[in-house]
1. Pull out all pairs, ordered by first then second residue, where Cβ-Cβ is under 6 Å, the residues are six or more apart or on different chains, the first lies in the stretch 137-165 and is not assigned by TED's automatic domain parsing to the domain that holds Ala187 and modelled with pLDDT under 85, and the second is assigned to a strand (DSSP E or B) and among the β-branched types (Val, Ile, Thr).
2. So in the stretch 304-322, with the set limited to residues that are under 30 Å from the mean Cα position of the chain (by Cα) and surrounded by fewer than 17 Cβ atoms within 10 Å (Cβ to Cβ), which one is modelled with the lowest pLDDT?
3. Looking at the stretch 194-233, which of its residues are in contact with a strand residue (DSSP E or B) (Cβ under 6 Å, 6 or more places away or on another chain), modelled with pLDDT under 85 and among the polar types (S, T, N, Q)?
4. Considering only the stretch 119-131, state which residues are surrounded by fewer than 22 Cβ atoms within 10 Å (Cβ to Cβ) and on the phi < 0 side of the Ramachandran plot.
5. Return only the number of the condition from (1) assigned to a helix (DSSP H, G or I); (2) more than 19 Å from the chain's Cα centre (by Cα); (3) of a type in the set (Val, Ile, Thr) that Val213 does not satisfy.
6. Please work out which one of (1) closer than 30 Å to Thr118 by Cβ; (2) small (Gly, Ala, Ser); (3) in the same structural domain as Gln144 (by TED's automatic domain parsing) is the condition Gly208 fails and give its number.
7. Quick check on my filter: what residues within the stretch 229-256 are free of Cβ contacts under 8 Å to residues at least 12 places away in the same chain and not polar (S, T, N, Q)?
8. Go through the stretch 162-218 and give me each residue that's touching an Asp or Glu at 6+ places or on another chain (Cβ under 7 Å) and crowded, with 16+ Cβ neighbours inside 10 Å.
Amino acid sequence: MEQELDERKTKILKIIIRNYLKTGEPVGSRTISKDPELSLSSATIRNEMSDLEEMGYIEQPHTSAGRVPSDKGYRFYVDSIIVEKDREIADIKEMVIEKTQKMEKTLQQAVKALAENTNYTTIISAPQGNKLKFIQLSLVSDDQLLAVIVLEGNRVKNQMITLKEPIDSESVLKLNLMLNTSLNGLALNQINLVTISSLKEQAGIHSGVVSDVLDLIVMAIQEDNDLQVYTSGTTNIFKYPELADSSKASDLITTFEDKEGLNELIAESVGERDEETGIRVYIGDETHVESLKDCSVVTATYELGEDLKGMIGIVGPKRMDYENVVDNLKVIKSSLVEAFRKEE
């Protein structure tokens, strides 16, 4: 039975491989002893290197006292990286789910409080961002690859990619490292032709996979269907005679329940808010939503960092108490920013 590597041998082997990958030169015990991960004497390191050589993980070129990785050593290194990356993406997914659940609860509480305080119908959209946070590619079968794309605002997209050519685990690992190094933190308008061409060139025979992943990133960033919108106080419209007409009320309730027309309003209010107050007032047809033509809508944008924004909105009759509405919007906006800041 083949002897397994203990923790110390594993560390030394990884140090040898990392140094060799970086310099292309055989690695000696003195170089290894300088690594901050170890506090071992050169004699101990030499003994461990001798064991690693005997086990077939490293080799000694004839012209050097240093060691270089063997194929077996490379295999161990690549497999261990794959395990680490899989564990990392699992941790990220767990964190994203936990944060999303906390965010949903906070937004539901906020939209309900706002409706109770104003006696109008209220809307809050979950914060959205257009920057890429993380990409994870995983082989599912010989001809399928799972792409997990995480965007700012904890938007997670899972998509299967059908492979046009075979790909091995090492190549998938390299693609993961390459894509994340080049694209993490970029918005859609920052992923230009130069970046795309460079990635395809680096990917070589797997440039088709890179093209598919880039298409998925564009779709994920541009997609509006997953915009989370929370509403409360829908029945408050019946308190105002000018909105309580059966057909008007029915259209309004449908708009709030189906979120029909709200996505466009949210996108507009987030993108074109008043820069001084962050508050914008739409009266009647200014919303461009037919069912809201007899209403006023007052919106505020809340920001969690430069590129993560959401909208708070209050819908009521044109004779709404604007002063009270604006005051409540400011309070809720401040409360949301503070609540999310505590969870970071």
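1. Once the first residue is not assigned by TED's automatic domain parsing to the domain that holds Ala187 and modelled with pLDDT under 85 and sits in the stretch 137-165, no partner that is assigned to a strand (DSSP E or B) and among the β-branched types (Val, Ile, Thr) comes close enough.
2. Per the criteria, the residue is Glu306.
3. The answer is none; no residue qualifies.
4. If the condition is that a residue be surrounded by fewer than 22 Cβ atoms within 10 Å (Cβ to Cβ) and on the phi < 0 side of the Ramachandran plot, then Ala126, Gly129, Asn130, Lys131 are the ones that fit.
5. (2)
6. All conditions are met except number (1).
7. Answer for the stretch 229-256, where residues must be free of Cβ contacts under 8 Å to residues at least 12 places away in the same chain and not polar (S, T, N, Q): Phe238, Pro241, Ala244, Asp245.
8. Leu163
The values are calculated or read from the model by the stated rules, or taken from the named source; none is laboratory data. Worth saying up front: this structure is predicted, and the values here are computed from it rather than measured. Methodologically, a virtual Cβ is constructed for each residue, glycine included, from the backbone with ideal geometry; neighbour enumeration extends over all protein chains shown.
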